[in-house]
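These notes concern the structure reproduced below.
The values are calculated or read from the model by the stated rules, or taken from the named source; none is laboratory data. Given the structure is predicted, the values throughout are model-derived calculations rather than measurements. Note that each Cβ is placed from the backbone with ideal geometry, even for glycine, and that neighbours are counted across all protein chains shown.
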Amino acid sequence: MNELKFDMLEVAGIHPSLKGMRSPTKSKKDSVYDSLSPGGVSLGEKDEKLAMNLISKGNVHGKFQRGIIAWFEINMPRYIWSELDTYVVGVSPTSSESTMYTLLKECAEITPDMFVETTPEMVIRNFAGHVKILEEMYDGRKNIPIHVIKACLPEGFMQKRIKAYSYQALKGIYHYRKNHRLPEWQVICDAIEQLPHFEELLIGCKKENFVFD
């Protein structure tokens, strides 16, 4: 089975972002580096209060969140990537599996584990049949133009990527997708909830008090 993943690899930038948050008033932060604390930072009471207050006032006031970056290893079907790419502000794409190298290898078989579990077997068989027809048309799979094979690709095809998101971008995802009916969004939002200082530095309030659209 090709498992859904939204696995956190690393979080960085909490300490410098808190320092920058204090710059407008030239006040001193009370958070300190601590390797045993979430995100490597022991969050001070005053910094926590200020951060949550700024976040509650919107993205302009909570702009310090843009400096806190979380990297993820993500394995999701194409139909989620098209929606996830909506949240491009504060996102740094790094690398992804190549559709070309996955599908255009002469020896590559089209198997169910290339697709999200709910993809109907009939859809996978039809796609495999289309690829065989294209192989005959173009005298071998390696000669099939990549845009042609992508045009035939079912939305349930899984792709793995490494991507980095700011806490501000992740707040937007959590805000608008937490109650979405697609199960992939629940996997993503559950992972966001596990990030360091999720309540204090990402949503700016206690989880039970967060308001969703």
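Apart from one condition, residue 110 fits all of (1) within 30 Å of residue 41 (Cα to Cα); (2) assigned to a loop (DSSP other than H, G, I, E, B); (3) hydrophobic (A, V, I, L, M, F, W, C); the exception is (1).
If we scan segment 103-125, do we find a residue that is over 30 Å from residue 49 (Cα atoms) and either assigned by TED's automatic domain parsing to the domain that holds residue 188 or touching a Cys at 6+ places or on another chain (Cβ under 8 Å) (or both)?
Here is the first cut: in segment 103-125, the ones over 30 Å from residue 49 (Cα atoms) are 103-125.
After this cut, where a residue has to be either assigned by TED's automatic domain parsing to the domain that holds residue 188 or touching a Cys at 6+ places or on another chain (Cβ under 8 Å) (or both) as well, the list is none.
So far as segment 103-125 goes, no, none of its residues is over 30 Å from residue 49 (Cα atoms) and either assigned by TED's automatic domain parsing to the domain that holds residue 188 or touching a Cys at 6+ places or on another chain (Cβ under 8 Å) (or both).
Looking at segment 53-70, is at least one residue assigned by TED's automatic domain parsing to the domain that holds residue 177, touching a Ser or Thr at 6+ places or on another chain (Cβ under 9 Å) and in a strand (DSSP E or B)? Looking through segment 53-70, at least one residue is assigned by TED's automatic domain parsing to the domain that holds residue 177, touching a Ser or Thr at 6+ places or on another chain (Cβ under 9 Å) and in a strand (DSSP E or B).
Contact annotation: residue pairs with Cβ atoms under 7 Å, 6 or more positions apart or on different chains, pairing a residue in segment 79-104 that is at negative phi and modelled with pLDDT of 75 or more with a partner that is exposed (fewer than 15 other Cβ atoms within 10 Å of the Cβ) and acidic (Asp, Glu), are 79/155. Can you say whether residue 134 is farther than 30 Å from residue 17 by Cβ and modelled with pLDDT of 90 or more, as far as the supplied structure shows? Taking the combined requirement at face value, the residue satisfies it. Pairs linking a residue in segment 42-67 that is free of Cβ contacts under 8 Å to residues at least 24 places away in the same chain to a residue that is part of a helix (DSSP H, G or I) and buried (at least 17 other Cβ atoms within 10 Å of the Cβ), with Cβ atoms under 6 Å and 6 or more positions apart or on different chains, are 61/54.
Residue-wise test of (1) surrounded by 12 or more Cβ atoms within 10 Å (Cβ to Cβ); (2) of a type in the set (A, V, I, L, M).
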{"site": "26", "(1), (2)": "no, no"}
{"site": "46", "(1), (2)": "yes, no"}
{"site": "54", "(1), (2)": "yes, yes"}
{"site": "67", "(1), (2)": "yes, no"}
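For residue 193, the test of being surrounded by fewer than 20 Cβ atoms within 10 Å (Cβ to Cβ) and in the same structural domain as residue 37 (by TED's automatic domain parsing) is passed.
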